[in-house]
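Engineer: Quick one: structure below, then a few questions.
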Amino acid sequence: MTGPRKFVSGIVPPEEHSNPAWWFIFQESKLLVYSNPESVTVPFLIDPEELGLTANRQNYLGRIDDNRCYAAEVSEGTTPPAGMAFEGLRQVYGRLDEDLFWIAARAVQIIDWDRTHQFCGRCGLPLKTRTAERAKECSQCGLLHFPRLAPAIIVLVERGNELLLARSRHFMPGMYSVLAGFVEPGESLEEAVVREVKEEVGIEIKDLKYFGSQPWPFPHSLMIGFTANYAGGEISLDDQEIEDAGWFTVENLPKLPGKISIARKLIDGFLARRGG
Ligand SMILES: [Zn+2]
């Protein structure tokens, strides 16, 4: 690992192409890395052709320190070059330099947006890429298409020395986490938090406080984290999503989500406050 890398977002690539660039090359949502069980890295090249690869599409992302970086996509079925592999982002977390990981998380969303926004949703004509902002514009009607971003709230609810954790049906066996849900159109983040907690476990909360946010590229969420205190009600599971929920102390924690997630950062924050 090197020191922190400075990333500056960009849309139009600079004229010079003679120096190597970082390439975040995807096959569907899997990233091409030099494969190694402990650590992986992404290619640093002038062009993916150096690896014998042909990119279907590529998007300039900006600069990492003094070097350009790109998101690119190769066809399904492309064989990875020798010593390399296509790996899911969750699989490379912890093995890829953390700064590069979060740029890969950005890259996969730009590629997905580019792939799925070729034509106008209103009139079906081809879109052209704008250069002033990350957007595409319909050549016929002018409708703008921005990258998709789905805001979702996530909240840690405390009651004295306990925290509320719940199990979604699609979690790994034994794992519990804090509550989360998508923001609805017309709703403030605070309203979304109160509604989600009420809907999923039937309780009231108070003292809502902003914690932090995190991109979550599975596939295009932005997680906005809060903490809150219990204000009243009994746990009742009305939502089809949640199969179990309960109050836990530092001493009796279940299996928790991985370090990659803001869920875990919220829980670790609680544990630090409670001396866990
Ligand atoms: Zn149109």
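The values are calculated or read from the model by the stated rules, or taken from the named source; none is laboratory data. Keep in mind that what you see is a predicted model, and the values were worked out from it rather than measured. Here the Cβ positions follow ideal geometry from the backbone for every residue, glycine too, while neighbour counts run over all protein chains shown. For the accessible areas, the whole protein counts, side chains as well, though only heavy atoms, and no ligand, DNA or RNA atoms are used. Shrake-Rupley method; radii C 1.70, N 1.55, O 1.52, S 1.80 Å.
Engineer: Let's see if you can work this out: charge +1 on each Lys and Arg Cβ, -1 on each Asp and Glu Cβ, no other charges. What is the dipole magnitude of the stretch 43-112 about its Cα centre, in debye to the nearest 20?
Structural biologist: My answer is approximately 160 debye.
Engineer: Let me ask something additional. Output the direction-averaged projected area (hull surface divided by four) of the convex hull of the alpha-carbon atoms of the stretch 32-127, in nm².
Structural biologist: Mean shadow area of the hull around the Cα atoms is 7.2 nm².
Engineer: Which is the longest part of the chain that has none of the trypsin sites (Lys or Arg not before Pro) sitting in a DSSP loop with at most 13 other Cβ atoms within 10 Å?
Structural biologist: That would be 7-121.
Engineer: Counting only protein heavy atoms and using a 1.4 Å probe, what share of the accessible area of the chain belongs to carbon plus sulfur, as a whole percent?
Structural biologist: On the chain, the fraction of accessible area on carbon and sulfur atoms equals 51 percent.
Engineer: Sorted by accessible area with a 1.4 angstrom probe, largest first, how do 69, 141 fall?
Structural biologist: The residues order as 141, 69, largest area first.
Engineer: Something else now. I'd like the Karplus ³J(HN,Hα) series for the stretch 99-111: coefficients 6.51, -1.76, 1.60, θ = phi - 60°, whole numbers in Hz, and an x wherever there's a Gly or Pro.
Structural biologist: After applying 6.51 cos²θ - 1.76 cosθ + 1.60, I find 5, 5, 4, 6, 6, 4, 5, 6, 4, 5, 6, 5, 5 Hz.
Engineer: With unit charges on the beta carbon (Lys/Arg positive, Asp/Glu negative), name the residue among 208, 242, 113 whose Cα is farthest towards the positive pole of the charge dipole of the chain.
Structural biologist: Ranked along the dipole, the leading option is 113.
Engineer: When Lys and Arg each count +1 and Asp and Glu each count -1, what net charge do the other residues less than 14 Å away from residue 21, Cβ to Cβ, add up to?
Structural biologist: -4
Engineer: Would you work out the charge dipole size for the chain about its Cα centre, treating the Cβ of every Lys and Arg as +1 and the Cβ of every Asp and Glu as -1, and quote it to the nearest 20 debye?
Structural biologist: Once rounded to the nearest 20, the dipole reads 320 debye.
Engineer: Can you tell me, using C-alpha contacts under 8 Å and at least 6 residues apart, the relative contact order of the stretch 143-242 as a whole percent?
Structural biologist: 34
Engineer: Round to the nearest 10 and give me the degree value, 0 to 90, for the angle of helix 262-273's Cα axis relative to the longest principal axis of the chain.
Structural biologist: Orientation of helix 262-273: about 40 degrees from the principal axis.
Engineer: Hey, got the dipole for the stretch 120-276? About the Cα centre, +1 on K and R Cβ, -1 on D and E Cβ, debye to the nearest 20?
Structural biologist: Here the stretch 120-276 has a charge dipole of around 920 debye.
Engineer: Stokes-Einstein diffusion coefficient for the stretch 134-276 at 10 °C in a medium of 1.306 mPa s, Rh from the Kirkwood formula over Cα pairs: what value in µm²/s?
Structural biologist: Here the translational diffusion coefficient equals 99 µm²/s.
Engineer: Hey, another quick one. Using the Karplus equation 6.51 cos²θ - 1.76 cosθ + 1.60 (θ = phi - 60°), what ³J(HN,Hα) coupling, rounded to whole Hz, does each residue of the stretch 59-74 give in order, writing x for Gly and Pro?
Structural biologist: For the stretch 59-74, the Karplus curve yields 10, 6, 9, x, 10, 10, 6, 9, 10, 5, 9, 10, 9, 9, 10, 10 Hz.
Engineer: Can I ask one more? Convert each backbone phi in the stretch 181-191 into a coupling constant with the Karplus relation 6.51 cos²θ - 1.76 cosθ + 1.60 (shift: θ = phi - 60°), then list the ³J(HN,Hα) values in order as whole Hz, x for Gly and Pro.
Structural biologist: x, 6, 6, 8, x, x, 9, 7, 4, 5, 5
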